[in-house]
Structures are given as C-alpha cells and as structure tokens.
Amino acid sequence: MYPADFRYSKDHEWIKTEGDTGTIGITDYAQNELGDVVFVELPKIGAQLKAGQTLGSIESVKAVSEVFSPATGEVVATNEALANSPEKINQEPHTSGWLIRLKLADKNETSALMDSAAYETYVAEKAKEHSA
Amino acid sequence: MVNFGGWDMPLEYSGILAEHEAVRTRAGIFDVSHMGEIEILGAQSLDLVQHVTCNDARHLADRQIQYSGLMTPAGTFVDDLLVHRISPTHYFLCVNASNQDGDFDHIAAHNNFDARVQNNGDDYSLLAIQGPKAEALLQGFTDIALSGIRYYHLAFGKVDGVSAMIARTGYTGEDGFEIYFDPEYSEQIWTNLLRAGAPEGIIPCGLGARNTLRLEAGMCLYGHEIDETTTPWEAGLGWICKVDKGDFLGREILVKQKAEGLARKLVGFEMLDKRIGRDGYPVAIAGAEIGRVTSGGPAPFLKKNIGMAYVPLNQSALDTEIEIIIRETPVPARIVAMPFYKRPK
C-alpha cells in the first residue's frame, strides 16, 4: 500500500526524493479521510517553503484541509492536472495525484520522517482510535 | 462514523459525490432513525399544536403533513418539524434528533390543553428512500398503491411485511418516501431494500450527502439557517408563518417584526470562482463584513459552489456582488435565487 521509497509525515504527507528533488503528495489514508476532493490550492512555482509550513489546501466536499510541506526547498513544479481532475488525489494519491515538486535545501532533512513500515503502524493506530 | 447527537452515524458510504448523484438520478436510502418523534394525543391536541407552532394545522386533513416551526415566545425557532395529522385527536411530529428532548419539554411546558405529549423517538426507526426511482423500489415491498399518496401525505400499511407509516416527504429536493416502523425490523428492511435496489444503482447514503442534497435544494438546517435567534420571516419561511390563524407563541413579536420590516434576511449565493465558502465564513461587501455563511459547500449536481447567509435587507437583492472571506482572502460571490436546484416535474 505505502511505497517503500517514500517518507511520511505525521500529517499524512509523503515525499519521494530523487537526487535533489522531492515530490510531495498526501497519503492514501489522508485522501480516504478527506473524501471526494473537489479543489486544490497549490503554491506558485518559485515559492520557498520550510518544513512544516503550509503549502496549500485541499477542499473535499465535506471539509477543507491544509497541507504541510514535509521538507524545506523551492517549488519547481506543481501538478497542473489537478485543476481539472482533483479526483486524481482520491484515485491515485501516491502517483498521478502528486501535488508539488521541491528543489530540496537539504537532502538529508527527510530522514527524520517515517519510513513506510513506521507509517503503516501509525495509520493502523489511527484507525483503531477511530473505531474505538 | 461520526457522533451526531449521541448517534454513531456514517457520514458517507461509497462517497458523498456518488451518493448525491444516485439520489438525483436514481435513488438513495438514508437511515435517519436519529430523527425524533413526538406524539400529541387527546381532544385538544390540535389546540396544543396550534399554540406551539407557527403554521396553521387546522388546514390539515387526516393523513396530511405540513412543514412548520416550533416557536419560542420570541417568535424564533425552538426547532423545525413536520406535523403529521393522523386523526383529529392524534398529531405526530417529526423533529430534529438533537432537539428532541428540548422540544418535548417545551411542548409539555406549554400544554395547558386537554392533550397528552409523548416523547416516542425510541419507538420508531425511520428510513428515507429518495430519488426518481424511490416509488418503483418501495412499491415492490408494499401493497399500498404508492402513486395514490400525494406529496406531503401519508398512508399506513405493510412494508416488507412490517407495519409502517409511509409518508411522501424528504429532505433532498427529490420525490421520495420516509417510512416509520418498529426499530426491531430496521436491519431487515434496510438490507432488503438495498438488495432489491442494487441492480438499479440504488445505494445507501449518509449524513454527508443528506447535507449537500438539502443545501442544493435550499432547505434550512436547524443550528445553521434557523435557531433561537432567527424568525420565520428572516429565514424566508414566511409561507409557514400564519399570523392570522389565531394566537400562538411568538405571534405578537412576529406581527410586529413584519410591520416594522426586517433588518436582515437569508439569501443564497454562488461562488464566482472555484473556491468554497463554508459554514461560518464572513460575508463582506467592499471589505466590510455584512454577515456570515450559515451553510456553504459544493453543489455536486449543479457543479457550482453555493451557500446561504444572513445579510442586511438593503444588501440582499438578487445579483448583488458579495465577497466570502476565505482564509483572509475575499473571494467573489453573487446573491442568487433559491432553491438552487429544483427537480424536473
């Protein structure tokens, strides 16, 4: 379910690092919690983001949620396909539903985030809290 | 599951968009057993109903239903409700779940009549079958000729072999039925209706779609458009406020408010870009706040973002350009006529 080459934040963002570029999205758990996504607000290319800073917002039918950057860097690409097809976030949150790409300030910064095994345990706990 | 007035209820089953579309184009089934039922019995039950509600229940025939408001002495809403006349000595009120006990206490406190008030929410399950295919689906489970039940009328009969009250009412803007029956049979009827409906694309629907459907249909939700600070006039519910029917709670104030004119009124708006004005967001004109959004969100069938808000009367005209303040940014919107959606006849 959760790709082994991603890192995960407690706020349910993922980041995939390739060289000095990081691709960022929200996890399957997060999209499932949000429900049907209808609008996405993303930063402008060139924007500087710090880890933990709001990168944009995702509007589902029932609520709006802020998305936080899991890393520090400059925005070098945004997923323009989401403007007309925000449902990609529900359908393929880990691939075509990506949000932005960052030129990372520090490639090692993401090592503090969870790996896929740790994240799976984390969301399993969350699911238990919900059903309790 | 979300906790809603003490009931654990699914916000969605397959997804709000899919459920919304099913109800508009086929049908959907809602378990709304959380709704409260209060029964008024006795020789003067009509007098009690007339005293505490603002609509005129004298005009009801047996097995006819009306939408009404339960009034405070200030002419504001304790709740909104459906008044079902079962017989001249038996009125059946369907009220909001979270208000049920407060409604019961309020009615009982004003019961200076030869009438008995019963708080019977635990005695009934309530399923709503809503959408253009609702009648065809339900007809397969009952001997009652459903085509003979007119809008806002009811009949008694068996549904899936179980004694039930079948009302042609709903909260979605579609044709449909609400069936009241012994909770013992909830699972049976729910399961059997869904099984029969599945080949027709009839699906279970949750509170999320219930809210988007009623918003699109321009219907009020207690705690949002109406509460103990709003009057029927302000809420655009003058059609249920019959001040000429005789005395009732709040009548004097309502007569006075109508004569003096309103300070504010409920309007519908649609967003002019893709952003969504949601419950509680400020409404402004040229940067100056004039009100708050009472309910706002996507209108999935209309493919727009819509909402309702209270604004000053002199700024409530159709086509007025307003701003919804979304995370400190003013976003353009326009006042439009309600209902946003009206089903084709």
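Structure data summary
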| item | result |
| --- | --- |
| Subset of region B:37-46 [in contact with a His (Cβ under 9 Å, 6 or more places away or on another chain) and part of a helix (DSSP H, G or I)] | B:SER45 |
| Check on A:SER9, within 14 Å of another protein chain (Cβ to nearest Cβ) and small (Gly, Ala, Ser) | no |
| Test: residue in region B:97-118 that is assigned to a strand (DSSP E or B), in contact (Cβ under 8 Å) with a residue 60 or more places away in the chain, small (Gly, Ala, Ser) and closer than 30 Å to A:LEU34 by Cβ | no |
| Conditions (1) of a type outside the set (Ser, Thr, Tyr); (2) part of a strand (DSSP E or B); (3) buried (at least 22 other Cβ atoms within 10 Å of the Cβ); number of the one not met by B:VAL49 | (2) |
| Residues located in region A:1-46, provided they are of a type in the set (Asp, Glu) and farther than 28 Å from B:PRO298 by Cβ | A:ASP5, A:GLU18, A:ASP20 |
| Residue within region B:1-17 that is among the small types (Gly, Ala, Ser), within 14 Å of chain A (Cβ to nearest Cβ) and closer than 30 Å to B:GLY197 by Cα present | yes |
| Residue in region B:294-301 that is of a type in the set (Ser, Thr, Tyr), within 12 Å of another protein chain (Cβ to nearest Cβ) and either more than 25 Å from B:ARG24 (Cα to Cα) or out of contact with any helix residue (DSSP H, G or I) (no Cβ under 6 Å at 6 or more places or on another chain) (or both) present | no |
| Criterion violated by A:SER9 - all others in (1) at pLDDT 95 or above; (2) within 27 Å of B:LEU207 (Cβ to Cβ); (3) surrounded by 15 or more Cβ atoms within 10 Å (Cβ to Cβ) satisfied | (2) |
| Matching residues in region A:25-72 - criterion: being in a loop (DSSP other than H, G, I, E, B) and in contact (Cβ under 8 Å) with a residue 60 or more places away in the chain | A:THR27, A:PRO70 |
| Residue in region B:257-268 that is without any contact (Cβ under 8 Å) to a residue 40 or more places away in the chain and within 29 Å of B:LYS303 (Cα to Cα) present | no |
| Qualifying positions in region B:293-314 - surrounded by fewer than 17 Cβ atoms within 10 Å (Cβ to Cβ) and closer than 23 Å to B:ALA263 by Cα | B:PRO312, B:LEU313, B:ASN314 |
| Residues within region B:327-345 that are surrounded by fewer than 21 Cβ atoms within 10 Å (Cβ to Cβ) and either in a strand (DSSP E or B) or among the basic types (Lys, Arg) (or both), tallied | 11 |
| Every residue from region B:4-30 that is aromatic (Phe, Trp, Tyr) and either surrounded by fewer than 18 Cβ atoms within 10 Å (Cβ to Cβ) or not in a strand (DSSP E or B) (or both) | B:PHE4, B:TRP7, B:TYR13 |
| Of the criteria (1) among the hydroxyl-bearing types (Ser, Thr, Tyr); (2) without any contact (Cβ under 8 Å) to a residue 24 or more places away in the chain; (3) assigned to a helix (DSSP H, G or I), which one A:SER85 fails | (3) |
| Residues that are surrounded by 18 or more Cβ atoms within 10 Å (Cβ to Cβ) and within 14 Å of another protein chain (Cβ to nearest Cβ), drawn from region A:12-32 | A:GLN31 |
| Test set (1) closer than 20 Å to B:LEU154 by Cβ; (2) surrounded by fewer than 20 Cβ atoms within 10 Å (Cβ to Cβ) - B:VAL95 fails condition number | (2) |
| So B:ARG63, is it basic (Lys, Arg), out of contact with any Gly (no Cβ under 7 Å at 6 or more places or on another chain) and either touching a residue at least 40 places away in the same chain (Cβ under 8 Å) or crowded, with 18+ Cβ neighbours inside 10 Å (or both) | yes |
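Conditions tested, residue by residue: (1) crowded, with 20+ Cβ neighbours inside 10 Å; (2) more than 10 Å from chain B (Cβ to nearest Cβ); (3) in contact with a helix residue (DSSP H, G or I) (Cβ under 6 Å, 6 or more places away or on another chain).
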{"site": "A:LEU49", "(1), (2), (3)": "yes, yes, no"}
{"site": "A:GLY52", "(1), (2), (3)": "no, yes, no"}
{"site": "A:GLU59", "(1), (2), (3)": "yes, no, no"}
{"site": "A:VAL64", "(1), (2), (3)": "no, no, no"}
{"site": "A:ASN79", "(1), (2), (3)": "yes, yes, no"}
{"site": "A:ILE89", "(1), (2), (3)": "yes, yes, yes"}
{"site": "A:GLU92", "(1), (2), (3)": "no, yes, no"}
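The values are calculated or read from the model by the stated rules, or taken from the named source; none is laboratory data. All of these numbers come straight from a predicted model, not from anything done at the bench. All Cβ positions, even for glycine, are placed from backbone atoms using ideal geometry, and neighbour counts span all protein chains on display.
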